[in-house]
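S.K.: Pasting in a structure now, in structure tokens, and then I'll have a few things to ask.
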Amino acid sequence: MKKWLLVLGMITCMLAFSACGQEEEVNLLSTQTAEELAGGIIDTINLIVIQNAEESYLASMKQNGMDTTMLENALNSWAKASEDMGNYVELVKVTGNTVVVEEMQGQPYPVDGVLTVEIKGEKRNATVEFVFEDSNPTSITTNVNYTFGENMQKAALNTLLGMGTVFVVLILICGIISCFNLIPKLQAKFAKKPAKEDVKSAAVDNTIAQIIEKEELSDDLELVAVIAAAIAASEGASSTDGFVVRSIRRAGNKWQRA
């Protein structure tokens, strides 16, 4: 009897613990409602992008005092994905749903969570992710679904680009380092150049000195000839032959012959 009471008590405790461990039931957005909600938003975004009406639509929202950051990012993400996805065809299915809803006026209203859907494009499929916080969509992102081969090709191109950039930089560094050997040669070349200029300047100065010396000598000869003629005239001689001027010096106001 005691054994049965003990078993019954253990079962009762287990049931009590399991009841305490149960989480409060949460209402999630139904699949049908999720498809309708996502499809409507996607149709609106796609229509705005196709008509190139992003600027006018955002301007209208700003005039009404609305924050356009989320929608602007959503439009840019959709337009960028459309380049590889092609034109939007249809919504395929809901692939993820953690959106909590609340009943408002008899209708489910998304509050918090993430909704992910797959869409079909003319070229490739894509995934659109909706993030809801405090009853407002805070992010709408479109990502193209590339195949494994395309992802590998992109990875290979990125690797080649990165390695190529590294090698180019290394080649430039090697070229710069090799130029360091030319610096001493350039310094020596510029150091010798002033010496040549000095030699050239000295040669010019020497030539000028020679010219001046010749001019001074010419002036002295003329002076000697004039003085000799004056002496010959004072002596009553008809020519200066026989006169030898050894030196000339000035004594008062008269010239004396040595």
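The values are calculated or read from the model by the stated rules, or taken from the named source; none is laboratory data. Everything quoted here is computed from the prediction, not taken from an experiment. A quick note on method: Cβ atoms are made from the backbone with ideal geometry, for glycine too, and the neighbour counts reach across all protein chains shown. Ligands, DNA and RNA are excluded from the accessible area calculation, which covers all protein heavy atoms including side chains. Shrake-Rupley method; radii C 1.70, N 1.55, O 1.52, S 1.80 Å.
S.K.: Being touching an Asp or Glu at 6+ places or on another chain (Cβ under 6 Å) and among the basic types (K, R) is true for just one of K120, K154. Which residue is that? Walk me through it before giving the result.
M.R.: Details: K154 fails: touching an Asp or Glu at 6+ places or on another chain (Cβ under 6 Å).
K120 is the lone residue from the list that is touching an Asp or Glu at 6+ places or on another chain (Cβ under 6 Å) and among the basic types (K, R).
S.K.: Moving to a separate point now. Residues that are open to solvent by 90 Å² or more (accessible area, probe 1.4 Å), at least 2 per element: which strands (runs of 3 or more DSSP E) completely within the stretch 103-191 meet that? Before the answer, list the steps.
M.R.: Details: elements: 107-121, 126-133, 136-144.
Of the strands (runs of 3 or more DSSP E) lying wholly inside the stretch 103-191, those with at least 2 residues that are open to solvent by 90 Å² or more (accessible area, probe 1.4 Å) span 107-121.
S.K.: Starting from the stretch 123-143, keep only residues that are farther than 24 Å from E83 by Cβ and touching a residue at least 24 places away in the same chain (Cβ under 8 Å), then list their pairs with residues that are in a loop (DSSP other than H, G, I, E, B) and open to solvent by less than 40 Å² (accessible area, probe 1.4 Å) whose Cβ atoms are within a distance under 6 Å, requiring at least 6 positions of separation or different chains.
M.R.: Once the first residue is farther than 24 Å from E83 by Cβ and touching a residue at least 24 places away in the same chain (Cβ under 8 Å) and sits in the stretch 123-143, its partners that are in a loop (DSSP other than H, G, I, E, B) and open to solvent by less than 40 Å² (accessible area, probe 1.4 Å) give F132/V99.
S.K.: Looking at this structure, is I41 part of a helix (DSSP H, G or I) and touching a residue at least 40 places away in the same chain (Cβ under 8 Å)? Walk me through it before giving the result.
M.R.: Values: part of a helix (DSSP H, G or I): yes; touching a residue at least 40 places away in the same chain (Cβ under 8 Å): yes.
Against the criterion (part of a helix (DSSP H, G or I) and touching a residue at least 40 places away in the same chain (Cβ under 8 Å)), I41 qualifies.
S.K.: Moving on. Only residues in the stretch 87-114 that are in contact (Cβ under 8 Å) with a residue 60 or more places away in the chain and closer than 13 Å to L37 by Cβ count as the first member; pair them with residues that are of a type in the set (F, W, Y) and surrounded by 12 or more Cβ atoms within 10 Å (Cβ to Cβ), Cβ under 7 angstrom, at least 6 apart or cross-chain, and list the lot.
M.R.: Going by the 7 Å Cβ cut-off, the qualifying pairs are V99/F132; V101/Y109; P110/F132; G113/F132.
S.K.: While we're here: Would you pick out the residues in the stretch 62-72 that are out of contact with any strand residue (DSSP E or B) (no Cβ under 7 Å at 6 or more places or on another chain) and surrounded by 14 or more Cβ atoms within 10 Å (Cβ to Cβ)?
M.R.: Hits for the stretch 62-72 are T68, L71, E72.
S.K.: For residues that are outside any strand (DSSP E or B) and under 15 Å from V131 (Cβ atoms), scanning just the stretch 79-99, find the one that is least open to solvent (accessible area, probe 1.4 Å).
M.R.: Taking the stretch 79-99 and keeping what is outside any strand (DSSP E or B), we get 79-87, 98-99.
Okay, now just the ones that are also under 15 Å from V131 (Cβ atoms), so 98-99.
Values: T98: 80, V99: 0 Å².
If we take residues in the stretch 79-99 being outside any strand (DSSP E or B) and under 15 Å from V131 (Cβ atoms), then V99 is least open to solvent (accessible area, probe 1.4 Å).
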